[in-house]
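K.L.:
Have a look at this one.
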Amino acid sequence: MSSNQRIEFPELVNKILENVIKINQSRYFIAISGAPASGKSTISEKLKSELISKNHKSSVLQMDGFHLDNNILEKKKLIERKGAPETFDVLGLLNCLLRLKNEGEVIVPIFDRSLELSRSSALVISENTKIIIVEGNYLLLDQEPWRKIHNFFDTTIMIDCNKDILEKRLIERWESYGLSNDQIKNKVYKNDLPNGLNVISKSISAEFNLIN
């Protein structure tokens, strides 16, 4: 597997289609990683649509669906760190990937951004789904327990997004929730951007770096 190959979206789709055809297995797993607000969700949905249009049934599995609930985060005194690596149920994600690899229909959680909460058993991944696009910040993080999921992925993608663009998108995201300037600064500069730098500096090399 090559690493750090910079690529644009149309070429990425072609590369994935080549790989899917070459690798004869029941399901093909793609990891899309990147900093908060780098465009993971948008790109994942766009990739899913492209693959489906080419007759490859695909679904998106959100890492954010495995966010610990706010009540748990408060008890663990992690609510201010929500979105950091330690605020996810990584082994729950691992078990879900195992089921997707070995079973047919699997019902998975999603993250409801309007509520900023996970919703369990909210999406059906059907038996005939060939390609699973897994998207999330820490899928390639080079530390335990995140390393346990790396071997599931047939293709790995890191989104390459400028820090200034990330900052702008994050501010706009929290503004849309009606937060005060102080709350926005706290979330962006004390949590989201540091988490993003963590993703960039502490992840393993991806097969493809997607320009966004």
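Please treat every number below as a calculation from the coordinates, not as lab data. Treat the numbers as computed from the prediction; the structure is a model and nothing was measured. Reconstructed Cβ throughout: ideal geometry from the backbone, glycine too, with neighbour counts over all protein chains shown.
K.L.:
Report whether or not GLU116 is closer than 19 Å to VAL199 by Cβ, among the acidic types (Asp, Glu) and either more than 14 Å from the chain's Cα centre (by Cα) or buried (at least 17 other Cβ atoms within 10 Å of the Cβ) (or both).
P.N.:
no
K.L.:
Does LEU73 count as hydrophobic (A, V, I, L, M, F, W, C), in contact (Cβ under 8 Å) with a residue 12 or more places away in the chain and assigned to a helix (DSSP H, G or I)?
P.N.:
So LEU73 passes the test.
K.L.:
Looking at the range 149-163, is at least one residue loosely packed, with under 15 Cβ neighbours inside 10 Å, touching a helix residue (DSSP H, G or I) at 6+ places or on another chain (Cβ under 9 Å) and closer than 21 Å to LEU61 by Cβ?
P.N.:
no
K.L.:
Still on this model: If you scan the range 79-93, which residues turn out to be part of a helix (DSSP H, G or I) and small (Gly, Ala, Ser)?
P.N.:
Selection gives GLY92 alone.
K.L.:
Among (1) surrounded by 13 or more Cβ atoms within 10 Å (Cβ to Cβ); (2) among the polar types (S, T, N, Q); (3) under 13 Å from the mean Cα position of the chain (by Cα), which single condition is GLN5 missing?
P.N.:
(3)
K.L.:
Let me ask something additional. List pairs: first in the range 8-27 and under 14 Å from PHE153 (Cβ atoms), second assigned to a helix (DSSP H, G or I), Cβ under 8 Å, 6+ apart or cross-chain?
P.N.:
That search, which allows pairs on different chains as well, returns ILE16/LEU47; ILE16/LEU51; ARG27/LEU100; ARG27/LYS101.
K.L.:
Taking the options LEU91, LEU68, name whichever one is among the aliphatic types (A, V, I, L, M) and buried (at least 17 other Cβ atoms within 10 Å of the Cβ).
P.N.:
After applying the criteria, what remains is LEU68.
K.L.:
Let me ask you something else. Exactly one of these conditions fails for GLY83: (1) on the phi < 0 side of the Ramachandran plot; (2) under 15 Å from the mean Cα position of the chain (by Cα); (3) surrounded by 13 or more Cβ atoms within 10 Å (Cβ to Cβ); (4) not basic (Lys, Arg). Give me its number.
P.N.:
The number of the failed condition is (1).
K.L.:
Quickly run through the range 94-113 and pick out the residues that are more than 20 Å from SER33 (Cα to Cα) and crowded, with 18+ Cβ neighbours inside 10 Å.
P.N.:
Listed by number, the list holds a single entry, VAL106.
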